[in-house]
Amino acid sequence: MPRARKQDQWNYICGEKGANRVRVFIHPTGKLFAEYRRDGHKVRQSLGHSDRQRAKQEADELAVALRHPERREAVSLGQLFENYERHVSCTKSRGCQYHDRSTIERFGRVFGASRRADDLTFRDAARYEVERRREGSQRMQRASAAKPLPPLSARTIAYDLRLLKSVLIWGVGAGLLERNPLTGYKVEDGGTPHRPIFTETQYRALLEAARFFPWQFGCLLLLAHETGHRLSAILSLQWRDIDLTHDRVTWRGEADKMGYEHVTPLTATARQALDNARHHAPGVGEAPVLPGVTNPAKPIGPYLARDWMQRAQVQAGLTLESGRGWHAFRRNFASELRHVGLRDLMDLGGWKDPTTVVKCYQRPNEDAMRAAQAGRRVLEG
């Protein structure tokens, strides 16, 4: 193919640099090309002809088009929320779906469902915080109209606004929005959250109180303590997941909050609890390990398990503490195994993100810190 001679290296430039500049030139192959930037990316394409006057005209027209790009049709908040609920919320747990529905309805009342989604500002987000705090907590009914609702925690408001930011980010990724208008908005969550655990003495007291409950509670208590997994994952266990020959348990992805399927070994205590479960309710295949009290074909429900935990703490003489439920055993597990490698701890507890383990589950431990100080080594050289 003939190449352009040096004297034929003609080019034409129009438009403003950094905005809509277009350059047409003769490529070394002898063909006319246009070069410009679109959405931050350099574009180079052949014009398909060698008419220089025509190339100039096309460059001018392209520069005008780049200066005034066609705006996509504006999406309202109502449309954005509707799409999010249809495509994303439906994949979440029942509790998260309820939160999405109620919070999105509240967003519609505060911002207006017909409001353009990309017109939201930091001031709107701050206004929502004020309105939400003024409403107070809706979880407890007022004894009388004169009695105000209890104050709302900063973490609850932060949870709502994180959902709003997630919806906007999803809208950008789905092509419904050009930008996230709340990028950079900081959501204050009220400082360090309260994440209690069960001490060894409290755990032993719960085991003693388990004698007054159905056998499923004692088995669930042991499995939560020994495996460190979420309540929902333990309740979803089926006998097909249990390998008593090799002392292993498979945590299925569809029963895991993060969709993380993994296999962990069983401790001697966990194996004993499963042997006890097989003695009380033998089953195979998809039969639940912890069958319901009234309907053995289905597993124990999470609300009944939480009710048992509350009543067992009262039975054991423990003071009820906000946040100290089944999930406290997951915090215990992460903290008590802090001495093992992070990779091993994540595999045992079913965590996918190491940041979550360190930030949300492991608690500060003075003995561990003193041991670390005692093992400090002096750098040589």
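Going by the conditions given, is Arg94 without any contact (Cβ under 8 Å) to a residue 12 or more places away in the chain, loosely packed, with under 12 Cβ neighbours inside 10 Å and over 28 Å from Lys186 (Cβ atoms)?
yes
Tell me, which residue of region 143-162 that is over 22 Å from Phe107 (Cα atoms) and of a type in the set (A, V, I, L, M, F, W, C) is modelled with the highest pLDDT?
So in region 143-162, the residues over 22 Å from Phe107 (Cα atoms) come out as 143-148.
Checking the rest, the ones that are also of a type in the set (A, V, I, L, M, F, W, C) come to 143, 145-146.
Working: Ala143: 44, Ala145: 50, Ala146: 53.
By that ranking, first place goes to Ala146.
Could you list, ordered by first residue, the pairs with Cβ atoms under 8 Å in which the first is in region 360-373 and under 19 Å from Phe198 (Cβ atoms) and the second is hydroxyl-bearing (Ser, Thr, Tyr) and surrounded by 14 or more Cβ atoms within 10 Å (Cβ to Cβ), at least 6 apart or interchain?
Listed by first residue and then by second, the contacts come to Tyr361/Ser335; Gln362/Ser335; Arg363/Ser335; Asn365/Ser335.
If only one of Phe329, Phe333 is touching a His at 6+ places or on another chain (Cβ under 6 Å) and among the aromatic types (Phe, Trp, Tyr), which one is it?
Step by step, each of Phe329, Phe333 is checked, and only Phe329 is touching a His at 6+ places or on another chain (Cβ under 6 Å) and among the aromatic types (Phe, Trp, Tyr).
Scan Arg278, Arg179 and give me the residue that is basic (Lys, Arg), surrounded by fewer than 19 Cβ atoms within 10 Å (Cβ to Cβ) and at pLDDT below 90.
Arg179
For region 244-264, how many residues are modelled with pLDDT of 90 or more and surrounded by 14 or more Cβ atoms within 10 Å (Cβ to Cβ)?
Number of matching residues: 7.
Condition test on Arg211, is it over 24 Å from Leu348 (Cβ atoms), free of Cβ contacts under 8 Å to residues at least 12 places away in the same chain and of a type outside the set (A, V, I, L, M)?
So Arg211 fits the description; yes.
Here's the yes/no breakdown for (1) among the aliphatic types (A, V, I, L, M); (2) closer than 27 Å to Tyr260 by Cβ; (3) in a loop (DSSP other than H, G, I, E, B):
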residue	(1), (2), (3)
Leu176	yes, no, yes
Arg195	no, yes, yes
Phe198	no, yes, yes
Gln216	no, yes, no
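Could you tell me whether Thr227 is of a type in the set (Ser, Thr, Tyr) and either over 23 Å from Val357 (Cβ atoms) or outside the structural domain of Gly317 (by TED's automatic domain parsing) (or both)?
Working: of a type in the set (Ser, Thr, Tyr): yes; either over 23 Å from Val357 (Cβ atoms) or outside the structural domain of Gly317 (by TED's automatic domain parsing) (or both): no.
When the stated conditions are applied, Thr227 does not pass them.
For region 102-117, which residues satisfy the criterion of being in a helix (DSSP H, G or I) and farther than 12 Å from Leu164 by Cα?
Ser102, Arg109, Val110
Only one residue in Asp100, Asp119 is surrounded by fewer than 13 Cβ atoms within 10 Å (Cβ to Cβ), touching a residue at least 40 places away in the same chain (Cβ under 8 Å) and in the same structural domain as Val167 (by TED's automatic domain parsing), so which one is that?
None of the other options fit; the residue is Asp119.
Considering only residues that are hydroxyl-bearing (Ser, Thr, Tyr) and in a loop (DSSP other than H, G, I, E, B), which ones fall in region 222-256?
Within region 222-256, Ser236, Thr245 meet the criteria.
The values are calculated or read from the model by the stated rules, or taken from the named source; none is laboratory data. Just so it is clear, the structure is predicted and the values come from calculations on it, not from any experiment. A quick note on method: Cβ atoms are made from the backbone with ideal geometry, for glycine too, and the neighbour counts reach across all protein chains shown.
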